[in-house]
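Every number here is computed from the coordinates shown, using simple stated rules; none is lab data. All of these numbers come straight from a predicted model, not from anything done at the bench. Cβ coordinates were reconstructed from backbone atoms using ideal geometry, including for glycine residues, and neighbour counts include every protein chain displayed.
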Amino acid sequence: MRTLLLNATIVDCTYPEPRFGNILIEDGLIREIAQKTSPSMDSQVIDVKGRTVIPGLIDCHVHVVAGMMNLAMNAQLPAPIAVLQSARIMKGMLERGFTTVRDVGGASFALAEAVEQGLTPGPRLIVCGKALSKTGGHSDSRPRYDTFDANRWAGNVGALGRVADGVDEVRRACRQELRSGAAFIKVMANGGVASPTDPVSWLGYSEDELKAAVEEARDAKTYVAAHLYTAEGIARAVNCGVHSLEHCNLIDRNAAQMAAKAKAVAVPTLVTYEALAQDGAALGLPASSVAKIEDVRQAGIESLSILRDAGVTIAFGTDLLGETHVRQSEEFSIRSQVLPAAEILASATTVAAKLIGMEGRLGIIAEGAIADILVVDGAPLKDIRILSDPGRNLRLVMKQGVIHHRSSL
């Protein structure tokens, strides 16, 4: 089946201004963009009537298996419940226009294959398997007085991470995740909010352990992403070769300049702290975690300015848990307080596509690219906040040439 989108205002971040034309899609790819195109007999023709057409969005920090706010309880879920919760979460993401997501802890390669095979609707999944943490770190979800094996649930569908201590265990864990289909490695290099016994300022791994993970990733022709908050943690991770810097709320200018020089990519996730602060306690976030939210929440907006001023490449991320996944699109509005619309759109398209290794195939509207396409009301390059309200402004979602959501056009 060929699909022809007529009368489109085409916006992607490889062009400074919108273009006008018709888009021919065939076999999941964009075959032609032209001012005039004659529909053939076997074409599905959709007149978008001048509305804006943008690439499918890419969220570079999600946890699609996190169906509950309490991650220790989530890790203990029976596999059928965890999988079906994940299917619901992924369907919601796709309907909000996120046609690709990078899962940074929890989702397996098998789940990515299930989506690829059409067994459940969802975005394309780029996965790292289980995130790696030291004992007592951000993937150790045991309460303080729990002395049982930290990894007793690590093999479960709902577990976001696993514990690995020491250089040899870290190497083995990296190799196991890569063998299982991980596209990159994720490590916990600072303390975190959702884990009970690690203050945010804690350093998650020794330098030798971080360097071992980076070496294993490089040997596999990929990179390490690290959960990070503090300037100290960020500087150390960059020195050890970490490429993808997740969160970065407490970064300072020196650490940002180091990241820029190393050509690292930052993935802020500001919406999750709003969700945690407003809804976390009511949705089961443990009291020990609720107490840590403000340590990072207030600094989030300033971190965007620091990153941008230093010239750090910024990708789009959200990091939502449990029932708060529905707030995914709010990240656009939060970033609009600091960043211009074009940079925010790029963070969720061209920048994100490069980070996941699909530059030139995703994140653009171009001949030969994968046909991940959204039709929206309004002009996102003038007001990016229109993407924060997909229920009102998102008219069509196409992933690899297949329409998954459509409202009146």
Worksheet item: Taking neighbour counts of Cβ atoms within 10 Å as a proxy for exposure, in what order, fewest first, do 404, 247 appear?
Response: 404, 247
Discussion item. Cut-off is 10 Å between beta-carbons; in what order do 195, 206, 180 appear when sorted fewest neighbours first?
Written reply: 180, 206, 195
Response to the item:
Taking the chain and counting helices only, DSSP H stretches of n ≥ 4 at -39,500 (n - 2.57) each over all residues, the nearest-500 ellipticity at 222 nm comes to -8500 deg cm²/dmol
Worksheet item: In which sequence would 197, 99 go, from the one with the fewest C-beta neighbours within 10 Å to the one with the most?
Response: 197, 99
Fill in: Global geometry of the chain, whether rounded, prolate or oblate, following the gyration tensor of its Cα atoms and the 1.5 cut on a/c
prolate
Response to the item:
Computed over the chain, the relative contact order (Cα-Cα under 8 Å, seq sep at least six) in percent reads 19
Discussion item. Less than 17 Å from a label point 7 Å out along the Cα-to-Cβ axis of residue 49: which backbone N atoms in segment 361-377 qualify, by residue?
Written reply: 375-377
Practice prompt. Count neighbours as other Cβ atoms within 10 Å of each site's Cβ, and list the GluC sites (Glu not before Pro) in segment 329-378 that are DSSP loop with at most 14 such neighbours.
Written response: 367
Worksheet item: Mind ordering 376-384, 253-261, 128-136 by average Cβ neighbours within 10 Å, highest first?
Response: 128-136, 253-261, 376-384
Fill in: Under 5 Å, built H, 5+ apart or other chain: amide partners of residue 395
375, 376, 377
Fill in: Rounded to whole Hz, the Karplus (6.51, -1.76, 1.60) HN-Hα couplings of segment 121-134, x for glycine and proline
x, x, x, 4, 9, 10, 10, 10, x, 8, 5, 9, 9, 6
Practice prompt. Extending each Cα 7 Å along its Cβ direction at residue 253 and residue 27, get the distance between those two points in nm, one decimal.
Written response: 5.4
Worksheet item: Using modelled amide H (1.01 Å from N, peptide plane; none on Pro or chain starts), what sits under 5 Å from the amide H of residue 29, excluding residues fewer than 5 places away?
Response: 371
Practice prompt. Can you tell me the dipole magnitude for segment 57-328 around its Cα centre, using point charges on the Cβ only (Lys, Arg +1; Asp, Glu -1), in Debye to the nearest 20?
Written response: 440
Worksheet, complete the sentence: Longest the chain segment clear of chymotrypsin sites (Phe, Trp or Tyr not before Pro) sitting in DSSP loops (not H, G, I, E or B) with at most 16 other Cβ atoms within 10 Å runs 149-409
Response to the item:
Which of 130/354; 221/382; 186/263; 130/382; 186/292 exceed 29 Å between C-alpha atoms? The answer is 221/382; 130/382
Practice prompt. In whole Hz, with x marking every Gly and Pro, tabulate ³J(HN,Hα) for segment 217-231 from phi via Karplus 6.51 cos²θ - 1.76 cosθ + 1.60, θ = phi - 60°.
Written response: 5, 5, 4, 8, 6, 9, 9, 10, 9, 10, 5, 8, 10, 7, 4
Fill in: residue 208-residue 308 FRET efficiency (beta carbon distance; Förster radius 45 Å; 0.05 resolution)
0.85
Worksheet entry | Residue-span extension gain [residue 73 to residue 117] - 0.36 nm each, minus C-alpha spacing | 12.9 nm
Worksheet item: Which ³J(HN,Hα) values, rounded to whole Hz and listed in residue order, are derived for segment 166-183 from phi using the Karplus coefficients 6.51, -1.76 and 1.60 in 6.51 cos²θ - 1.76 cosθ + 1.60 with θ = phi - 60°, glycine and proline given as x?
Response: x, 4, 5, 5, 5, 4, 4, 5, 4, 5, 5, 5, 5, 4, 7, x, 4, 8
Practice prompt. Evaluate E = 1/(1 + (r/R0)^6) for residue 392 and residue 42, where r is the Cβ-Cβ distance and R0 equals 30 Å; express this FRET efficiency to the nearest 0.05.
Written response: 0.35
Item to complete: Quick one: which residues, 5+ away or cross-chain, put their amide H under 5 Å from the amide H of residue 10? H built at 1.01 Å from N.
Response: 19, 20, 21, 53
Fill in: Helix 79-95 axis, angle to the chain major axis (alpha carbon atoms, nearest 10°)
40
